[in-house]
Amino acid sequence: MNVLGIDLGATNTKMVILRDDDSVETLDAFETLGEDGAEAVVARLVGVVEQLVAQHDIGAVGMGTPGLFEPDTGVVIIFTNLPGQWVGFPLLDRLRAGLDVPVTLINDARAFTLAEGTLGAAKGSAVMAGLTLGTGIGGGLLINGQLFHGATGSAGEIAHQTVDPGGLVCGCGNQGCAEAAARAETLIAKTDRQTVEDVYAGYAAGDPACVAAVEDAAASLGRALGNVITVFGPDTIVIGGGPASKGGEAVLEPIRRATFSNVTLVPHESVRIVRAELGSEAGAIGAALAARSAQVLD
Ligand SMILES: [Zn+2]
C-alpha cells in the first residue's frame, strides 16, 4: 500500500509517498498560508490530497501537525506556530469528510521520532528519544519500536519538563521549561545575531555572547535529557530540526556534555546522542509510518 505522509508546517506543507518497501518519494511542498485560517487551510489541503490519492494509488493518509489534539476525535487542543483560531477545530473530522481514504493524525515531533527510530539515525533501536530544535522544541519517545503516547496521547514532551523553577515562562504556560530556555527566540535575544543558526556559528567561532547563550540552552536541555535517560534508559537520542542539521557538532557537543553531567545511574557509553538523518522530510515520513501502522492495527 502506498501511504501519503503530510507535515503541516507553519510556512510550508511537506509531503512524501511511503511505499511497502520503505522507499520514500518526496513530493512538491506547498505554502500552508496559515493566515487564511483553519477552514481555508484544510480545504486547500483536502483539494491537493484528493488529487494525489487518485494519481498515486494512495491507500491511507497520515498528517503530522504542531501542537496537541484529542486522540480519539482529533479536535485541536493546542496548536503552535500557526495563526488563526485552531483550538477546538475538528481537524480529523474535516479531513475524513473530504477524503475517501483512512486518515491518521500525529503530533509532528512524535512523527519525527517515529521516522528516525524506524528508518533513520536510530533504526533498530530498542528505546529511543527524539528532540527537534527550532521555533519550539518537540519531543517523542519510542519504546520497543512503538511510540509511547501515555494515557492521554500527549506523552513525549521532553522539552516541557521544568528544569529551571525560576526561569522563563514557556509558551505552554509553565515556568522554567527547557523549551523556554533553549528555543530559537531565547538564544537570539541573548546575542546580536538574527537567526539561531548564526548563534551556533558564533558559538563555534568563540563569540562570548553566543557561547554563553548556547551553554545556557544546553544546560537546560541537558537536564531534560538527563531525566529521560534516567527514567527510560534509551540507547539512542536523536536530535533534529534546523539548528541541528545545519550546526552539526557545534549544536550536539554542548548538549551531550550537559546531558551526561546529569546522569549517574546509567552507563554513559550505553547512550548515543546523534544527529537526525532523514532531513526535513522526517515529519512527513513519520506521519506516513503512523498511518501505515494504524491500518495494520485495524
Ligand atoms: Zn513548556
Got the relative contact order for the chain handy, in percent, Cα pairs under 8 Å and 6 or more residues apart? 21
Tell me the net charge near G153. Cut-off is 15 Å between Cβ atoms, G153 excluded, with +1 for each Lys or Arg and -1 for each Asp or Glu. -3
Over the chain, with a Gaussian network built from C-alpha contacts below 10 Å, which listed residue (G248, G150, G130) shows the highest mean-square fluctuation? G150
Most fluctuating of R275, R183, R193 in the GNM of the chain (C-alpha, under 10 Å) is R193
Considering only A54, T104, C170, whose Cα is most displaced toward the positive end of the charge dipole of the chain, charges sitting on Cβ of Lys, Arg (+1) and Asp, Glu (-1)? C170
Listed by chain and number, the residues whose amide H is under 5 Å from that of I237, excluding neighbours fewer than 5 places away on the same chain and using placed H, are A129, R272, I273, V274
Placing one identical point scatterer on every Cα of the chain and ignoring solvent, what is log10 I(q)/I(0) from the Debye formula at q = 0.12 Å⁻¹? -0.75
Part-to-part distance (alpha-carbon centres) for the range 51-73 and the range 111-164, which is given in Å: 20
The distance between the Cα centres of the range 178-208 and the range 228-298, in whole Å, is 21
I need the helices of the chain that pass two filters: whole DSSP H segments spanning 27 Å or more by Cα along the axis, and mean Kyte-Doolittle score no lower than 0.5. 208-232
Taking every other residue with Cβ under 12 Å from the Cβ of G74 and scoring Lys and Arg +1, Asp and Glu -1, one gets -1
If you count only protein heavy atoms and use a 1.4 Å probe, how large is the accessible surface of C172, to the nearest 10 Å²? 70
Unit charges on C-beta of K, R, D, E only; dipole of the range 134-246, Debye: 160
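Give me the Kirkwood hydrodynamic radius of the range 106-177, using the inverse of the mean 1/r over all pairs of distinct Cα atoms, in Å to one decimal.
12.7
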Debye, to nearest 20: dipole size of the range 1-72, +1 on Lys, Arg Cβ, -1 on Asp, Glu Cβ: 80
Two decimals is fine: what's Rg over Rh for the range 153-298, C-alpha atoms, Kirkwood radius as Rh? 1.00
Net charge over other residues, Cβ less than 14 angstrom from the Cβ of G283 (K, R count +1; D, E count -1): -3
Of the residues V238, A219, N262, the Cα lying farthest along the dipole of the range 172-298 towards its positive end, which is defined by charges on the beta carbon of Lys, Arg, Asp and Glu, belongs to N262
Once T80 and A43 are pulled to full extension, the length gained, defined as 0.36 nm per residue separation minus their Cα-Cα distance, is 11.4 nm
By accessible area (1.4 Å), largest first, E215, E185 order as E185, E215
Per DSSP helix of 4 or more residues, -39500 (n - 2.57); summed, then divided by the residues of the chain. What does that give at 222 nm, rounded to the nearest 500? -12000 deg cm²/dmol
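With +1 on the Cβ of every Lys and Arg and -1 on the Cβ of every Asp and Glu, and nothing else charged, how large is the dipole of the chain about its Cα centre, in debye rounded to the nearest 20?
For this selection, approximately 600 debye.
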Residues with amide H under 5 Å from that of F30, placed H, sequence gap 5 or more: T13
Would you mind getting me the FRET efficiency between T264 and S23? Use the beta-carbon distance for r and R0 = 41 Å, nearest 0.05. 0.45
Computed FRET value (nearest 0.05) for D164 with D100, which takes r as the C-beta separation and R₀ as 45 Å: 0.40
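The values are calculated or read from the model by the stated rules, or taken from the named source; none is laboratory data. Since we're looking at a predicted model, the values are computed, not measured. Neighbour counts are summed over all protein chains in view; Cβ atoms, including those assigned to glycine, are modelled from backbone coordinates with ideal geometry. Surface areas here come from the heavy atoms of the whole protein model, side chains and all, with no ligands, DNA or RNA. Shrake-Rupley method; radii C 1.70, N 1.55, O 1.52, S 1.80 Å.
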